[in-house]
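Participant: Got a structure for you, written out below as structure tokens; questions coming shortly.
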Amino acid sequence: MRAAGMPVESLIEYNRLFFEGSHTVSARKELLIEESENLKKKLEEIQYSLRKLEAKIRNYDKWLNENTREDDPDNLDEC
């Protein structure tokens, strides 16, 4: 589960619950659901950042194709 991105604290809690027995199945499931939601949020943030970077790269490509090296590219950083 560490490879799935679970923080060490959550892994410790999960293992503690696991060793307490089957009466902790619901708590373990809730912990996994919470970690799943956290990962989904991180994924959305990463996807947003990636889209912004890709847009900036496209702007630079466009500028490089349309301008000479002497032209000022400073306005490209405004995306």
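Participant: Using beta carbons and a limit of 8 Å, which pairs, at least six apart or on different chains, have the first residue in the range 20-46 and without any contact (Cβ under 8 Å) to a residue 24 or more places away in the chain and under 12 Å from SER10 (Cβ atoms) and the second one open to solvent by 70 Å² or more (accessible area, probe 1.4 Å) and assigned to a helix (DSSP H, G or I)?
Facilitator: Going by the 8 Å Cβ cut-off, the qualifying pairs are ARG28/PHE18.
Participant: For ASP72, work out the one condition from (1) modelled with pLDDT of 90 or more; (2) assigned to a loop (DSSP other than H, G, I, E, B) it doesn't fulfil.
Facilitator: Result: ASP72 fails condition (1) only.
The values are calculated or read from the model by the stated rules, or taken from the named source; none is laboratory data. Model, not experiment: these values are computed from the prediction. Every residue, glycine among them, receives a Cβ derived from its backbone with ideal geometry; neighbour counts consider all protein chains shown. What goes into the accessible areas is simple: the full protein's heavy atoms, side chains included, and nothing from ligands, DNA or RNA. Shrake-Rupley method; radii C 1.70, N 1.55, O 1.52, S 1.80 Å.
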